[in-house]
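> Shown below is the structure under consideration.
Where a number appears in this text, it was derived from the coordinates with a stated rule and is not lab data. Please read all numbers here as calculations on a predicted model, not as lab measurements. Virtual Cβ from ideal backbone geometry, glycine too; neighbours counted across all protein chains shown.
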Amino acid sequence: MRALARTGLLVAMAFAGGAVTSAGVASARHDSDSTYRHLAVFARVLNYVENNYVDEVSPVALIYGAIRGTLATLDPHSSFMEPEQYAALKSEARGEFGGIGVEVELRPEGVLIVERFEEAPAIRAGLRIGDHIVAVDGTSVKGLSLPEVVRRIKGRAGTRVVLTVRRAQDAALQTIPVIRDRIYIASVSARRLEHDQAYIRIKSFTERTHHDMQRGLLAATGDRPLKGLILDMRDNPGGLLNEGVRVADTWLSEGVIVSTEGRSGEPDVEFAHPKGTEPAYPIVVLVNGGTASAAEIVAGALQDHKRGIIVGTQTFGKGSVQTVIELEDGSALKLTIARYFTPAHRSIRGLGITPDVVVPRRAATEVSGNVGEKVTKVDNQLQAAIQMLRRQSGSKGRSGRAR
C-alpha cells in the first residue's frame, strides 16, 4: 500500500535523522538530549560486559540482544530479525523456505505427519505419513505449539535436522536424520466440487497468492459457470497485506476493503473496484483460531459487505500492520506502524472475527490402512460448509452483492 510504504520510509528516515518541521525539530532535539544521555549509559554497560564478564561474548550478540530487548517493550508483533532470519522471511514471502517437505498436525501423542511433498527430503529420508514426531534434534515436542515445532524443523537448505519418530503401528522410537532442502509451495490449492461449486484453500498470503487464486478459480470453473465457493482460510497466519486486499477485491465491486490508522491518526483506505469482480455466487468462508492478519482482513471485508458467510471458530485477532525495514548488515526491523479496521470500522485486535455460524472442529485426522499409505481426514467443518453452500445455492433471496 502506498501510504504504508511512505510510513515505512519515514520510519527509516527517523533513524537516519530525516528533516522535519521547525516545531518538530525542537521537540526532537529535546527528546534526543534525553535519549543520548541514556545511550551513554548503555554504551558504558556494553563496555563493562565486553571487558569484565567472566566469559568472552560477541559484541554483535550483545547489540542484537539489546535491540530485541527494546522491541520487547512494544507489542508482540514488532521484532528484530538477524540476517538469516530475515532471509528466511523473504523466501517465505516468495512461497519458498528451507525445510523437509511435510505437512503436520498437533496430536496428543506427538506431531503427526499427514502429508509429504513430492521429491522432498522427508521422502528421501524415509519418513512416512502417519509417523509421529516426538522430538526435534533431541528436544521433546511435548508442550510446544505447532508453529514452534515447525520453526524447529525448518532451517537453511543443506543443514541437518534429526527427528525422533514413532511409527503408528510400532511403539519403538526411531531416529531419522534429514537434510533440509529448498521447499517450494503454492499458497493456494483449488478443486471443483459437485453441483458446479468450488473449494479454494489459501494457506498464506505470499507474493503470488492473488495470481495463484485466479488460476485456481479458472481451473475449478472450467467451461461452466460457478454456482458457489468455499474459501478455506483456516490456519492461515496471514502474510502480505496487499495480497489480502487483492483477494478480497476479487468478490467485492465497491466499498471499503480495509482501513489502516497509524500514529498520525489519518486513515489510509483501500477500496474495492468493479473491474474483474467475480459473479455473485454464494461464498462460505472457513476460519478458525489460526486465521490471522491478512486472512482476517479478507474474512472481515466479506462479512461486513454481506458477501460471504463466515463459518468455523473465532479467529486470532491480530489487527495490526507491520512494515519491514532492512538494515545495513542484512538484519531487519519489523515494526508495527498501524492498526487496521474492517469496512464497518471494527477493530479485531485481541478479539478476532466472530463467525456467522460457529462450528467447532472435531478430531480431524484418523490414520487408517498401512502406515505411510493413507491418512483419512474427517473434516466436520468442511462438511458443514458444503451443506450450507448447497442451501445458499438453492436460495433465491440472497443476492450476494457487495453493499
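> Would you work out the charge dipole size for segment 249-336 about its Cα centre, treating the Cβ of every Lys and Arg as +1 and the Cβ of every Asp and Glu as -1, and quote it to the nearest 20 debye?
Result for segment 249-336 is approximately 400 debye, rounded to the nearest 20.
> Report the Cα centroid-to-centroid distance between segment 149-191 and segment 205-237 in angstrom, as an integer.
27 Å
> Once a ≥ b ≥ c are taken as the square roots of the eigenvalues of the Cα gyration tensor of segment 188-393, is the result rounded (a/c under 1.5), prolate (a/b larger than b/c) or oblate (a/b not larger than b/c)?
Since a/c reaches 1.5 and a/b is larger than b/c, the shape of segment 188-393 is classed as prolate.
> With a point put 7 Å past each Cα toward its Cβ, work out how far VAL54 is from LYS306 in nm, to one decimal.
Going by the 7 Å Cα→Cβ label model, 6.9 nm.
> Now a separate question. Go ahead and run the numbers for FRET between HIS195 and THR159, Cβ-Cβ distance against an R0 of 41 Å, rounding to 0.05.
0.30
> Here's a follow-up. Looking at the chain, do any whole DSSP H helices span at least 30 angstrom along their long axis by alpha carbon and average -1.0 or above on Kyte-Doolittle, and which?
Span-like helices here: 22-52.
> Counting each DSSP H run of 4 or more residues in the chain as -39500 (n - 2.57), what helix-only mean residue ellipticity at 222 nm follows after dividing by all residues, to the nearest 500 deg cm²/dmol?
It comes out at -10500 deg cm²/dmol, rounded to the nearest 500.
> Which parts of segment 280-303 would a label at VAL358 reach, counting a residue when its backbone N lies under 15 Å from a point 7 Å out along Cα-to-Cβ?
287-289
> Ok, one more. Order of 284-297, 227-240, 188-201 by packing, highest average Cβ count within 10 Å first?
In descending order of packing, they fall as 284-297, 227-240, 188-201.
> If I take every Cα pair under 8 Å that is 6 or more residues apart in the chain, average their sequence separation and divide by the length, what percent do I get for the relative contact order?
14 percent
> Please compute the length gained on full extension between GLU326 and ARG44, using 0.36 nm multiplied by the number of residues separating them and subtracting their Cα-Cα distance.
That works out to 98.8 nm of additional length.
> Using θ = phi - 60° and the Karplus relation 6.51 cos²θ - 1.76 cosθ + 1.60, list the HN-Hα couplings for segment 187-201 in order, rounded to whole Hz, with x at every Gly or Pro.
Per residue, the Karplus-derived 3J(HN,Hα) values read 6, 10, 10, 9, 8, 8, 9, 5, 6, 6, 10, 10, 10, 10, 10 Hz.
> Right, here's the next one. Could you tell me whether segment 96-184 comes out rounded, prolate or oblate from its Cα gyration tensor? Rule is a ≥ b ≥ c as square roots of the eigenvalues, rounded for a/c under 1.5, then prolate if a/b exceeds b/c, otherwise oblate.
Because a/c hits 1.5 or more and a/b exceeds b/c, segment 96-184 counts as prolate.
> With an 8 Å cut-off on Cα pairs and a minimum separation of 6 or more residues, tell me the relative contact order of segment 204-285 in percent.
Here the relative contact order equals 35 percent.
> Search the structure for amide H atoms under 5 Å from the amide H of PHE205, placed 1.01 Å from N in the peptide plane, and list their residues when 5 or more places away or on another chain.
Hits under the 5 Å cutoff: GLY238, GLY239, LEU240.
> By the gyration tensor of its Cα atoms, with a ≥ b ≥ c the square roots of the eigenvalues, what is the shape of segment 67-121: rounded for a/c under 1.5, prolate for a/b over b/c, or oblate?
Oblate, since a/c reaches 1.5 and b/c is not below a/b.
> Could you tell me the calculated FRET efficiency between THR139 and ARG182, based on Cβ-Cβ distance and R0 = 25 angstrom, to the nearest 0.05?
The value I calculate is 0.55.
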